[in-house]
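Every read-out reported here was derived from the displayed coordinates using simple, explicitly stated rules and does not represent laboratory data. Keep in mind it's a predicted model, so treat the numbers as computed, not measured. All Cβ positions, even for glycine, are placed from backbone atoms using ideal geometry, and neighbour counts span all protein chains on display.
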Amino acid sequence: AGSRDAEPSIDERLTKIEAQIGQLHEAMDAELSAISTKVDDAARTIAARGERRS
């Protein structure tokens, strides 16, 4: 039983994993909003070009 005490409990591991998942979600959200901003900018640029042509 002594060696088992040295290992982090399942609850501790789950808490760490949940924290990591939370960080990943935040990173992905930031990445996605950056991408959608780029897409919006590109769409506006293309729309502006189209308006100039007509």
Practice item. Answer with yes or no whether GLU31 is in a helix (DSSP H, G or I), surrounded by 10 or more Cβ atoms within 10 Å (Cβ to Cβ), over 19 Å from the mean Cα position of the chain (by Cα) and free of Cβ contacts under 8 Å to residues at least 60 places away in the same chain. Key: no
Practice item. Could you grab the pairs with beta carbons closer than 6 Å, sequence gap of 6+ or different chains, first residue in the range 36-48 and surrounded by fewer than 10 Cβ atoms within 10 Å (Cβ to Cβ), second one not in a helix (DSSP H, G or I)? Key: none
Exercise for review: Go through the range 6-17 and give me each residue that's surrounded by 10 or more Cβ atoms within 10 Å (Cβ to Cβ), assigned to a helix (DSSP H, G or I) and not hydrophobic (A, V, I, L, M, F, W, C).
Suggested key: GLU12, ARG13, THR15, LYS16
